[in-house]
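Beneath this line is the structure, given in structure tokens, with notes to follow.
The values are calculated or read from the model by the stated rules, or taken from the named source; none is laboratory data. Owing to the predicted nature of the structure, the values given are computational and were not obtained by experimental measurement. Methodologically, a virtual Cβ is constructed for each residue, glycine included, from the backbone with ideal geometry; neighbour enumeration extends over all protein chains shown. Surface areas here come from the heavy atoms of the whole protein model, side chains and all, with no ligands, DNA or RNA. Shrake-Rupley method; radii C 1.70, N 1.55, O 1.52, S 1.80 Å.
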Amino acid sequence: IISHSSRSSRKTKAKCFTTDFSVFFLMLLQREHDFLRQEMSLEMVLADEDWDYVSLQQASTFSGMYETYEASLPELIEYVKARLPKKTKLMLHQTWAYASTSNHGGFKNYNRDQLTMYHAIVDAVKKAGKAYKIKMIIPTGTAIQNARTSFIGDHMNRDGHHLDVKVGRYTAACTWFE
């Protein structure tokens, strides 16, 4: 995920998904309903803007397994930093635990227990932030877990792992905004 520069006049929001430093980049332009969609390398995305912030995250299946951060995060940080201005701040995005009823294959990594997954994610992200000197953590997982303890309950996901398009995404957006 790349968090968009506040100084850009033409782009308001950006999101990218990385696999082996390749990126699928989706950019929402200021004009309503106008989308620019193209495949870009991570290098191209990083060069595309004068980024204020770049957010990194682990795939949800592995987000509570610190050893998976150790395996790839140092190389990713080095790659990203080499292509960004010194002023750019790195952030870690804390993903959320799956719904307690999730049938996602990665849920087995946490004994199919939501609280086990949530605590593992919090611990892994905190440890990775400290180890790699990333001070900004976006605690989306904590916001989602807190909402689950309210009257909303465990109704934050549309398919057991992706956030639903209303309350789940709204909660995540409010966390990013904060």
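Listed here are the residues, each with its yes/no results for (1) part of a helix (DSSP H, G or I); (2) more than 16 Å from the chain's Cα centre (by Cα); (3) over 26 Å from HIS162 (Cβ atoms); (4) modelled with pLDDT under 90.
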{"site": "PHE24", "(1), (2), (3), (4)": "no, no, no, yes"}
{"site": "HIS33", "(1), (2), (3), (4)": "no, yes, no, yes"}
{"site": "GLN38", "(1), (2), (3), (4)": "no, yes, no, yes"}
{"site": "SER55", "(1), (2), (3), (4)": "no, no, no, no"}
{"site": "GLN58", "(1), (2), (3), (4)": "no, no, no, no"}
{"site": "THR61", "(1), (2), (3), (4)": "yes, no, no, no"}
{"site": "TYR69", "(1), (2), (3), (4)": "yes, no, no, no"}
{"site": "PRO74", "(1), (2), (3), (4)": "yes, yes, yes, no"}
{"site": "LYS86", "(1), (2), (3), (4)": "no, yes, yes, no"}
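Only one of TYR98, TYR132, TYR110 is over 17 Å from the mean Cα position of the chain (by Cα) and either touching a residue at least 40 places away in the same chain (Cβ under 8 Å) or open to solvent by 80 Å² or more (accessible area, probe 1.4 Å) (or both). Can you tell me which? None of the others qualify; the one that does is TYR110.
If you check ILE144, ILE77 for being in contact (Cβ under 8 Å) with a residue 40 or more places away in the chain, buried (at least 19 other Cβ atoms within 10 Å of the Cβ) and either farther than 16 Å from ALA59 by Cα or among the aliphatic types (A, V, I, L, M) (or both), only one passes: ILE144.
Scanning the range 145-178 for residues that are polar (S, T, N, Q) and farther than 14 Å from TYR118 by Cα returns SER150, ASN157, THR171, THR175. Do you know which residues across the range 115-130 are under 12 Å from THR68 (Cβ atoms) and among the β-branched types (Val, Ile, Thr)? Within the range 115-130, ILE121, VAL125 qualify. For LYS126, the conditions (1) over 27 Å from TYR170 (Cα atoms); (2) open to solvent by 10 Å² or more (accessible area, probe 1.4 Å) all hold with the exception of (1).
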